[in-house]
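Q: Questions regarding the structure given below will be posed in turn.
Here, each number is a calculation from the coordinates, and none is a lab measurement. Every value quoted in this text rests on a predicted model; they were computed, and no experiment measured them. Here the Cβ positions follow ideal geometry from the backbone for every residue, glycine too, while neighbour counts run over all protein chains shown.
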Ligand SMILES: [Zn+2]
């Protein structure tokens with residue numbers, strides 16, 4: 001018996017542009033059960049069309065979404081909360097307070113969206129180690145940002161662990177090093193906590209912020225589930241009809 005049906009709508013990608021910064025290709029997950037339709041992280045602007053299509057695949061209208069859970073205050077995880085008019089928005093209290101204190105800067109914090117979240121009556125502030133929705137518990141995993149939360153969904157026989165960017169991808173999990181962290185020591189401790197939770201029950205599923213979902217194999221090493229799908233379309237020709245596709249799935 002599971003408590004929720006968990007479906008990854010958009011699979012995050014472990015990469016960034018060489019000259020143009022972060023791609024913002026982050027994971028968005030749909031969680032249904034207990035009378036709720038939940039989105040865990042909601043992606044960046046560029047993801048709006050694919051997100052709309054994926055919700056249609058599951059016959060979900062924006063107003064059907066009851067809850068939006070946010071891991072941390074970076075644009076590629078949060079800006080689309082505005083698209084779900086009836087949802088309660090769950091965000092770490094310390095993370096939101098920290099983000100609200102940051103002046104506009106050359107960083108991934110969407111300052112105007114944070115200003116809205118600070119005063120939005122639909123926002124519920126989440127404390128660490130709290131079961132704020134049925135079977136869904138928060139843990140503090142600082143490093144990438146100071147108030148970053150991970151979420152553990154008790155799904156009956158196994159847990160699903162949502163790491164956000166506390167560990168963005170398999171490389172960070174395996175090395176214990178996080179690219180773009182505010183505090184490398186804290187990030188290392190957060191990854192230790194992630195493994196402790198991951199190993200707590202066999203077959204626990206880990207869904208990271210920017211990579212495929214993973215399980216631990218018999219040697220307790222992270223192993224991908226499913227196949228990566230990613231690419232870009234480029235217009236290097238002289239007509240709009242002619243474009244090339246560059247496959248990024250095997251890189
Ligand atoms: Zn981030």
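Q: Would you please name the residue that is nearest to the ligand (Cβ to nearest atom), looking only at residues in segment 11-31 that are part of a strand (DSSP E or B) and within 14 Å of residue 164 (Cβ to Cβ)? Outline the logic, then answer.
A: Going residue by residue through segment 11-31, those that are part of a strand (DSSP E or B) are 16, 22, 28-31.
Then drop every residue that is not within 14 Å of residue 164 (Cβ to Cβ), which leaves 28-29.
Working: 28: 14, 29: 16 Å.
Applying the filter and picking the extreme gives 28.
Q: Can you name every residue in segment 165-180 that is in contact (Cβ under 8 Å) with a residue 12 or more places away in the chain, surrounded by fewer than 20 Cβ atoms within 10 Å (Cβ to Cβ) and either more than 16 Å from the ligand (Cβ to nearest atom) or not in a loop (DSSP other than H, G, I, E, B) (or both)?
A: 170, 171, 174, 176
Q: Can you confirm whether residue 190 is within 16 Å of the ligand (Cβ to nearest atom) and either surrounded by 11 or more Cβ atoms within 10 Å (Cβ to Cβ) or within 26 Å of residue 24 (Cβ to Cβ) (or both)?
A: In short, yes.
Q: Do you know which of the residues in segment 134-145 that are touching a helix residue (DSSP H, G or I) at 6+ places or on another chain (Cβ under 8 Å) and assigned to a loop (DSSP other than H, G, I, E, B) is farthest from residue 190 (Cα to Cα)?
A: Here the residue is 145.
Q: Give the residue that is farthest from the ligand (Cβ to nearest atom), with candidates limited to residues of segment 53-72 that are under 22 Å from residue 125 (Cα atoms), part of a loop (DSSP other than H, G, I, E, B) and more than 11 Å from the chain's Cα centre (by Cα).
A: 66
Q: Follow-up question, since we're still on this one. Restricting attention to segment 78-98, does a residue exist that is in a strand (DSSP E or B), within 16 Å of the ligand (Cβ to nearest atom) and surrounded by 22 or more Cβ atoms within 10 Å (Cβ to Cβ)?
A: yes
Q: Based on what the data block shows, is residue 162 over 24 Å from residue 11 (Cα atoms) and not in a helix (DSSP H, G or I)?
A: no
Q: In addition: Return the residues of segment 110-133 that are in contact with a helix residue (DSSP H, G or I) (Cβ under 7 Å, 6 or more places away or on another chain) and either buried (at least 20 other Cβ atoms within 10 Å of the Cβ) or part of a strand (DSSP E or B) (or both); say none if nothing qualifies. Talk me through it step by step, then tell me what you get.
A: Of all residues in segment 110-133, those in contact with a helix residue (DSSP H, G or I) (Cβ under 7 Å, 6 or more places away or on another chain) come to 110, 113-114, 117-118, 123, 125-127.
Matches in segment 110-133: 110, 114, 117, 123, 125, 126.
Q: Within segment 12-26, is even one residue surrounded by fewer than 18 Cβ atoms within 10 Å (Cβ to Cβ), touching a strand residue (DSSP E or B) at 6+ places or on another chain (Cβ under 9 Å) and touching a residue at least 60 places away in the same chain (Cβ under 8 Å)?
A: Taking segment 12-26 first, the residues surrounded by fewer than 18 Cβ atoms within 10 Å (Cβ to Cβ) are 15-22.
The next check asks that each one be touching a strand residue (DSSP E or B) at 6+ places or on another chain (Cβ under 9 Å); those that pass are 16, 22.
Then keep just the ones that are touching a residue at least 60 places away in the same chain (Cβ under 8 Å); that gives 22.
Yes, segment 12-26 has at least one match.
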